[in-house]
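Data block below; observations after.
Where a number appears in this text, it was derived from the coordinates with a stated rule and is not lab data. Small disclaimer: the values here were computed from a predicted structure and weren't measured. Glycine gets a Cβ as well: all are built from the backbone with ideal geometry, and neighbour counts include every protein chain shown.
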Amino acid sequence: MSVHLEAAPGSIAPIVLLPGDPLRAEFIAQRYLQDAVCHNRVRNALGFTGTYQGTRVSVQSTGMGMPSCAIYVQELLAQYGARMLIRIGTCGAIRAELRTRDLVLAQAASTNSAMFDATFGGATFAAAASYDLLSRAHRLATERGAPTHVGTVLTSDRFYPDETTLSTWWNPWAEHGVLAAEMETAALYTLAARRNARSLSILTVSDNLVTGEQTTSEERQTGFGDMALLALDVAVGATHTR
């Protein structure tokens with residue numbers, strides 16, 4: 001048991017999928033895991049552990065934003081021995097060529113957050129994915145015919161920008177090749193690096209801030225299932241070949 005997770009020692013698997021939404025964690029457990037057992041209900045941050053193709057896998061919701069995500073990632077790594085963490089979430093594209101429902105594999109994460117400034121003495125840490133997970137995810141997604149983009153994302157502290165910069169805030173990021181904005185990946189990659197664990201963010205484009213294209217809630221749910229299945233196959237495959 002940790003401060004925010006009531007799971008008993010050993011009840012969380014070394015492989016953990018990380019959706020933000022607790023209901024999506026429940027959806028994954030019910031649809032894809034065998035013999036899934038709920039290991040956490042504290043603060044309604046639902047978490048489950050079961051098996052996928054004979055391999056123990058957990059799915060733990062993290063809430064929204066870097067501070068919330070970092071709490072769960074830290075406890076999973078430091079107190080439950082997690083060794084592979086894969087975020088599965090949505091993102092807003094900031095480049096016109098990305099379409100809704102496309103996949104974004106976050107090779108690295110820039111951030112406008114000051115969360116880790118003190119850790120690095122004000123310097124910038126390059127928060128990056130684990131290459132073996134990234135390359136495996138790209139290969140599997142390509143084989144399945146999923147439109148997939150690999151590149152940098154922006155982990156933002158803010159969901160709603162200032163009204164004065166509503167239509168322009170993403171320009172500097174997009175001009176430097178950033179593909180999309182989301183709210184958790186930089187924290188995941190930084191904490192995983194600290195603990196020498198493997199990590200990856202697999203994201204589905206839910207909307208495009210440049211073109212105004214958006215998905216419906218039903219489309220997001222369907223796409224999320226495909227993304228979760230990809231994450232499970234990446235994790236299990238990487239475990240068996242390491």
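Assorted remarks:
- What the Cβ-Cβ distance of residue 131 and residue 97 gives, at R0 = 25 Å and to the nearest 0.05, is a FRET efficiency of 0.55.
- Under-5 Å amide H pairs with residue 39, H placed in peptide plane, nonlocal only: 47, 48, 49
- Computed about its Cα centre, the charge dipole of the chain is approximately 800 debye, with only Lys, Arg, Asp and Glu carrying charge at their Cβ.
- For region 20-73, Kirkwood radius (reciprocal of mean inverse C-alpha pair distance, Å): 11.1
- Gyration tensor verdict on region 1-117 (Cα atoms; rounded if a/c is under 1.5, prolate if a/b is larger than b/c, oblate otherwise): oblate
- Chymotrypsin sites (Phe, Trp or Tyr not before Pro) lying in DSSP loop within region 111-214, provided at most 12 other Cβ fall within 10 Å: 120, 159
- Most tightly packed first, judged by the mean number of other beta-carbon atoms within 10 Å of their residues, the peptides 57-63, 136-142 read 57-63, 136-142.
- Shape category assigned to region 58-170 from the gyration tensor of Cα positions, a/c cut at 1.5: oblate
- Peptides 193-203, 208-218, ordered by how many other C-beta atoms sit within 10 Å of their residues on average, highest first, read 193-203, 208-218.
- Between helix 185-194 and the chain: long-axis angle, C-alpha atoms, 0 to 90°, nearest 10: 50
- Tilt relative to the chain, helix 66-80 - C-alpha long axis, 0 to 90 degrees, to 10: 30
- Taking each DSSP H run with n ≥ 4 as -39500 (n - 2.57) and averaging over every residue of the chain yields -10500 deg cm²/dmol at 222 nm.
- Given charges at Cβ of Lys, Arg, Asp, Glu: the chain dipole, positive-most of 160, 108, 32: 32
- Theoretical FRET efficiency, 1/(1+(r/R0)^6), r = Cβ-Cβ of residue 168 and residue 55, R0 41 Å, to 0.05: 0.35
- Note on the chain: antiparallel DSSP beta bridges, both residues inside, total approximately 40 percent of the bridges counted.
- Rounded to 10°, Cα long-axis angle of helix 22-32 versus longest principal axis of the chain: 60
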